[in-house]
Amino acid sequence: MDQSVFRITKELSDLQKDSDLSLAVACRDVDVRNVKAMIIGPHETPYEFGFFEFVFVFNKNYPRSSPQVQATTTNDGRTRFNPNIYANGKVCLSILGTWRGERGEQWSAAQGLESILLSIQSLMSMNPYENEPGFEDAKEAQDQKNQKDYIQKIRHETIRISVVHRLEEYLGINPDGTFAPTSVSGEIASLGSGESDMDILDEESSVPFEPFKDLCKRRFLWYYDSYLAAVEKGKSEVKDNQSFARMPFESLGNGMEGKFNYTELEKRLKVIKAALDAETEGWAAEGLQAKAQETTVAVNLQRQFEQVVEHFKRRDLAHSIELEDGNPFVWLVTYFGKPMTNLDGGLFRIRLCFSARFPEEQPRARFETKIFHHRIAADGTPCYFAPQNRREDVRTHLEAIIDALEEESPPYDPRTLVNPEAFKLFWGSADDRKMYNRRLRRSVQQSMEEF
């Protein structure tokens, strides 16, 4: 194997096995030299929980020479998201040779895909204004105002372009809020049609490569409340139809032009949320159709269900699992709270829905019983991570959900911020933690009353 291909393949594999919740990479099996990468914007920055995509092109001299890197989240070349990330997609980094740096900051073979991604992620800071050379120590009154204005418009465009535009495109939502027609039946039928590998390969090469589609949908459900909180913050700071301020380092064609409209963004976020909820509900009907056709996915999920039930019996676990209306694509889990913890005595119903395209589309879980928990969103969506190499194993998903629920001393990780109110109390002062525990216990007691 070509040494550069071997190195790229290993780096991709290492990144995909890692549990980093803010980086993702993918490539077509037939072309490892062309890689797509996703960076999810860091917490407490104007890029918070935005979806920023990049394209990497590796030449045969890699790792002796750096890859070419292009930002693609640019609003079709109209938006510059950072002093170092241009509207035309150019990423200015000394290690890429696209910007002059200090001695020792140039590319070396010891660096790689992950180090480049982390370098780009570090540009997405709390005050990106300072990234522009010559503005690192800008303290004048006008600079202070510019910094505030810059943060405000980046926050707005992060939500509008990197989140709303992307999800609307994925879901077929038109600018007026209507939906483009889709054909589910034909897609399901093709799953069991016995297409040849060559047919599938030809089809893959003609279909746009969108490896982060499912990831962004699931993360949108995680961070939905944070997006709404950012909208509320924006509304308190600027007025609708107020024009963006141009920064000294921006120019026509390489800046961030536009107007604030948080009222519209809020409506569009809610339309996306409703569309995702409807899509998840639609999986049940798709699943019954797939079951009737005895597709590979339907047979696999039925077998896994039976294995998980048997596993729970062997381990004498109190939790119970059943299929909704005999549908292997909808699992109903009754979770019994862990004894001697704040969950003790609780009874929680969890609904786990599967797509007919599982595991390419990962399951979506929802706590149907209300619970106040820092890893459970207000709508019941749990924040959990199933290892990439076990994503097709449903038992792994169930165990990951339970682990997230029961973990008493987790490491601080703002990427798991799915319930802002509970998260703030859990990681706040000692009094905040006491309040968190009281509210969690109250929800546990209410769960018993509901049952």
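The values are calculated or read from the model by the stated rules, or taken from the named source; none is laboratory data. Predicted model only: the values in this text are computed from it and were never measured. For neighbour counting, all protein chains shown are included, and Cβ atoms are generated from backbone atoms with ideal geometry for every residue, glycine included. Surface areas here come from the heavy atoms of the whole protein model, side chains and all, with no ligands, DNA or RNA. Shrake-Rupley method; radii C 1.70, N 1.55, O 1.52, S 1.80 Å.
Whenever a residue of region 232-256 is under 28 Å from GLY134 (Cβ atoms), its partners that are part of a strand (DSSP E or B), lying with C-beta atoms within less than 7 angstrom and at least six residues away or across chains, give the pairs GLN242/LYS259; SER243/LYS259; PHE244/LYS259.
Being buried (at least 20 other Cβ atoms within 10 Å of the Cβ) and more than 17 Å from THR396 (Cβ to Cβ): is that true of ASN342 here? So ASN342 fails the test.
Within region 285-294, restricting attention to residues that are open to solvent by 60 Å² or more (accessible area, probe 1.4 Å) and charged (D, E, K, R), the residue that is nearest to the chain's Cα centre (by Cα) is LYS291.
Condition check for ARG357 on (1) within 21 Å of the chain's Cα centre (by Cα); (2) surrounded by fewer than 20 Cβ atoms within 10 Å (Cβ to Cβ); (3) within 24 Å of ARG415 (Cβ to Cβ): one failure, at (3). Are there any pairs, at least 6 apart or on different chains, whose C-beta atoms fall under 9 Å, with the first in region 122-136 and touching a residue at least 24 places away in the same chain (Cβ under 8 Å) and charged (D, E, K, R) and the second open to solvent by 50 Å² or more (accessible area, probe 1.4 Å) and in a loop (DSSP other than H, G, I, E, B), and if so, which? Cβ pairs passing all conditions: GLU132/PRO248. In region 272-284, the condition of being open to solvent by 60 Å² or more (accessible area, probe 1.4 Å), outside the structural domain of ARG160 (by the TED database), on the phi < 0 side of the Ramachandran plot and out of contact with any Ser or Thr (no Cβ under 9 Å at 6 or more places or on another chain) is met by no residue. Comparison of GLY172, GLY97 shows that the only residue that is surrounded by fewer than 16 Cβ atoms within 10 Å (Cβ to Cβ), at pLDDT below 95 and over 24 Å from PRO248 (Cα atoms) is GLY97.
Quick one: which residue in ALA37, ALA26 is closer than 25 Å to PHE220 by Cβ, open to solvent by less than 30 Å² (accessible area, probe 1.4 Å), touching a residue at least 40 places away in the same chain (Cβ under 8 Å) and in contact with a Lys or Arg (Cβ under 7 Å, 6 or more places away or on another chain)?
Working: ALA37 fails: in contact with a Lys or Arg (Cβ under 7 Å, 6 or more places away or on another chain).
It is ALA26.
Residues that are open to solvent by 10 Å² or more (accessible area, probe 1.4 Å), farther than 17 Å from ASP18 by Cα and in a helix (DSSP H, G or I) within region 367-397 comprise just one, ARG395. Listed conditions (1) free of Cβ contacts under 8 Å to residues at least 60 places away in the same chain; (2) charged (D, E, K, R); (3) loosely packed, with under 13 Cβ neighbours inside 10 Å are all met by ASP432, apart from (3).
Residue check: VAL297 meets all listed conditions (1) closer than 22 Å to ALA404 by Cβ; (2) touching a residue at least 60 places away in the same chain (Cβ under 8 Å); (3) among the aliphatic types (A, V, I, L, M); (4) open to solvent by 20 Å² or more (accessible area, probe 1.4 Å) but one, namely (1).
Between ASP325, ASP393, the distinction of being of a type in the set (Asp, Glu), within 28 Å of the chain's Cα centre (by Cα) and modelled with pLDDT of 95 or more belongs to ASP393 only.
Evaluating SER122 against the criteria (1) open to solvent by 30 Å² or more (accessible area, probe 1.4 Å); (2) under 30 Å from GLU257 (Cβ atoms); (3) modelled with pLDDT under 95 leaves one unmet condition, (3).
A quick yes/no check of all residues on (1) touching an Asp or Glu at 6+ places or on another chain (Cβ under 9 Å); (2) polar (S, T, N, Q):
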| position | (1), (2) |
| --- | --- |
| LYS273 | yes, no |
| ALA278 | no, no |
| GLU281 | no, no |
| GLU294 | no, no |
| VAL297 | no, no |
| ASN300 | yes, yes |
| GLN304 | yes, yes |
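The criterion of at least 2 residues that are of a type in the set (Ser, Thr, Tyr) is met, among helices (runs of 4 or more DSSP H) falling completely within region 111-182, by 113-123. Pick from ARG349, ARG364: which is open to solvent by 20 Å² or more (accessible area, probe 1.4 Å) and among the basic types (Lys, Arg)? None of the other options fit; the residue is ARG349.
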